[in-house]
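The structure appears right after this line, and notes come after that.
No lab work stands behind these numbers, since they all come straight from the coordinates. Quick caveat, the model's predicted, so the values are computed rather than measured.
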Amino acid sequence: MNVPEVGGPVSLRGVYFDGHSSRDRAATLTLGDPAWLTLDGESHSIQAGALRVDPPVPGVRRVIHLPGGARFETTDFAPLLAWERTSGRNRALRGVAWLEAHWGSALAAVALAFALLGGFIVWGIPALATQAARVTPRGVLASFDAQTLRFLEEQAFIGPSGLPRARQAQLQREFRQVQGWAGGGYPYRLLLRDGKPGGEEGVGANAFALPNGTIVMTDQLVALARSDRELLGVLAHETGHVTRRHGLATVYQGLGLGLVTTLVTGDLVSASTFAAAVPAAILRGGYSRAAEAEADRVSADFMRSRYGTTRPLQDILTRLEAGARGEAAGDAEPAWLDIFRSHPVTAERVAALKALDAR
């Protein structure tokens, strides 16, 4: 059928349904003002404003709804499209149909959707997790600490400390320096534990902070240190994770936004799920580059206020890295793949601490 001139009537061939039965009847619908439906040789006038046209779907007959529940279906797409353009009908939805009908635009839309999804995963979820961590009630944090410690002990990630009581008491006295300095109103406490109670399994030479201010330091880390200043630097670093709520944000990000919503509302039943996720976060390296850098700056403030240098923290970080890689301290050069790691490599952290000292 020829497309009419702009502003002229448009005749469409199709089928008519009366809205009461599934029987279709051949018909012609002339779109104008008014519209005319020709059925079985008889023409019926219809107000143009009473017509409702469904948006186009590629490969499917166009549907025009008539008064009284009847409808007219047609495959005369071009004339109907011309009438829609002149009458201003379905303007936005015609654009959607055009996009759907063209492979290039469809592929571009898919690519855009994936880009937006990727951006949400990379930036959106961390931002939401950080905000959720900030607004989590203090009462929920105590439950997290208790549940997490119970899980770590039951799964033999940590066990009772083997350090002499005198040595434990000495470390507790020294920790009070950090505890009094850290602030934030958290009930800080230091727990000394064996990091390999089952032999090779466990957290090893490590220290980590739980959300409510519980800091666990292992016997293996104490043995690795060459001075208590090194240990105090590590403990001050962990208080930085507590006050900035890095641990909460990290686990929220890993568990997904559904659990974030549950936890923010104070549902303590989910605390066991949180506890189960903490060991995985600890063993895989924990925090992002930004979080580790922020906690390092907190520790640097403590170290420089007490000793005038961050050197003890630099030394134990380097020793930990050497032990983890099985290489001598200082021999390993950063690999080019390090730029893709979310957790900063030790060389970067040490360099940042040296820069702080140089100021």
Work out from phi, with θ = phi - 60° and the Karplus expression 6.51 cos²θ - 1.76 cosθ + 1.60, the ³J(HN,Hα) of each residue of the range 189-201, listed in order in whole Hz, and give x for Gly and Pro. 8, 9, 10, 9, 9, 7, x, 9, x, x, x, 7, 7
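Compute the length gained on full extension between residue 13 and residue 107: take 0.36 nm times their separation in residues and subtract their Cα-Cα distance, giving the result in nm to one decimal.
Residue separation times 0.36 nm, minus the Cα-Cα distance, leaves 30.5 nm.
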How much length is gained if the chain between residue 168 and residue 134 is pulled fully straight, taking 0.36 nm per residue apart and subtracting their Cα-Cα distance, in nm to one decimal? 8.9 nm
Compute the length gained on full extension between residue 26 and residue 181: take 0.36 nm times their separation in residues and subtract their Cα-Cα distance, giving the result in nm to one decimal. 47.1 nm
Once a ≥ b ≥ c are taken as the square roots of the eigenvalues of the Cα gyration tensor of the range 147-237, is the result rounded (a/c under 1.5), prolate (a/b larger than b/c) or oblate (a/b not larger than b/c)? oblate
